[in-house]
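Okay, so here's the structure we're looking at.
Computed from the coordinates by the stated procedures, all read-outs in this text should not be read as laboratory data. Here the structure is a predicted model, which means the values were calculated and not measured. Counting neighbours? That spans all protein chains shown, and the Cβs are built from the backbone with ideal geometry, glycine included.
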Amino acid sequence: MIPESRLSRLQPNRRAVLATALAAGLGPLGFRPGHATPVEPRRIVAAGGVVTEILYALGAQDRIVGVDATSLHPASALTDKPNVGYVRALSPEGVLSLAPDLVIAIDGAGPPDALRLVAEAGVRVARISEDTSPNGVTTRIRTIGRLVSKVEAAEALAGRVEQDFAVLERERPAVEGRKRVLFVLSLQNGRAMVGGRGSSADAIIGYAGAVNAADRVEGYKPLTDEGIIEAAPDVVLMMERGNHAVAAEQVFGQAAFAATPAARARALVTMDGLYLLGFGPRTPAAARDLMVAVYGRPRPAGAAP
């Protein structure tokens with residue numbers, strides 16, 4: 001239960017929403033008094049596009065009462081379900097107004113105070129790892145399956161994803177050479193924000209059998225013009241924004257990019273952001289599509305050159 005002193009410090013509208021949620025009779029983290037385990041969730045808020053994608057893949061979409069703005073797959077999610085805002089800027093009032101009994105949120109969801117208030121209102125909040133390893137992807141599927149009592153469906157889905165990763169691993173050595181790929185998150189004021197070592201972009205580039213051209217920086221960082229030239233990417237990779245893809249002229253028209261091997265080949269690859277960096281069930285397919293875009297269609301594993 002939220003202490004009275006904490007309630008008194010909240011804004012009046014927030015205090016009213018939390019009081020209403022508490023009146024539903026839920027204890028901390030979604031437990032009902034007298035029950036040793038959480039009740040099966042029937043009203044779920046998904047905070048993270050990958051969470052929504054997995055819930056739909058498991059057939060639990062009818063229990064979703066709200067999604068965040070990054071829930072772009074399937075496309076119907078944002079049209080059929082209320083939008084609770086951007087995953088890193090959630091409103092506790094918006095979440096609680098949907099009367100959820102479970103919020104499933106990726107680790108980066110927030111702000112932390114918002115989810116803390118949701119939990120203090122008696123709603124169970126489950127955090128999901130954003131581990132980008134193959135095991136991280138399948139563990140995420142299985143974890144969500146357990147949370148929503150879809151264990152069998154989750155096991156079947158995770159098994160298929162494991163097989164897809166195995167096929168990808170067999171195909172990867174068939175690519176010719178190791179091209180350098182630079183992931184550009186954004187171009188603002190002539191400065192490129194790139195995905196460096198340890199980023200989700202770094203992981204997907206590796207799965208596609210390529211080398212991250214920005215491996216000298218950590219995480220997502222701005223890169224100077226000199227850094228871009230020194231990175232010498234063979235391919236520039238960017239996300240599509242909705243149905244809008246950045247044009248090659250916009251990228252390679254900038255002096256730093258014009259001096260790269262990628263510019264000479266006009267090698268710009270754009271892909272849907274959630275597909276590319278969501279690290280859900282479609283990740284092996286996304287990595288293979290990126291492999292094909294970078295290298296052309298790989299030979300079957302074991303085939304003669």
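Given charges of +1 on the Cβ of Lys and Arg and -1 on the Cβ of Asp and Glu, with all other atoms neutral, how large is the dipole of segment 177-295 about its Cα centre, in debye to the nearest 20? Display every interim value, and only then the final one.
Working: 12 positive and 11 negative charges, 37 e Å.
Roughly 180 debye, rounded to the nearest 20.
Pairs of Cα atoms in segment 177-295 fall into 5 Å distance bins, from 0 up to the last occupied one, in shares of 2, 13, 25, 27, 22, 9, 2, 0 percent.
Give me ASP234, ASP225 ranked fewest to most by other Cβ atoms within 10 Å of their Cβ, as a rough exposure proxy. If you can, show how the numbers build up before the last one.
Numbers: ASP234 20, ASP225 15.
In order of increasing Cβ crowding within 10 Å: ASP225, ASP234.
Annotation for segment 186-244: trypsin sites (Lys or Arg not before Pro) lying in DSSP loop with at most 13 further Cβ atoms inside 10 Å of their Cβ are ARG216.
Each peptide among 290-296, 173-179, 68-74, 204-210 gets the average number of other Cβ atoms lying within 10 Å of its residues, and from highest to lowest they stand as 204-210, 68-74, 290-296, 173-179.
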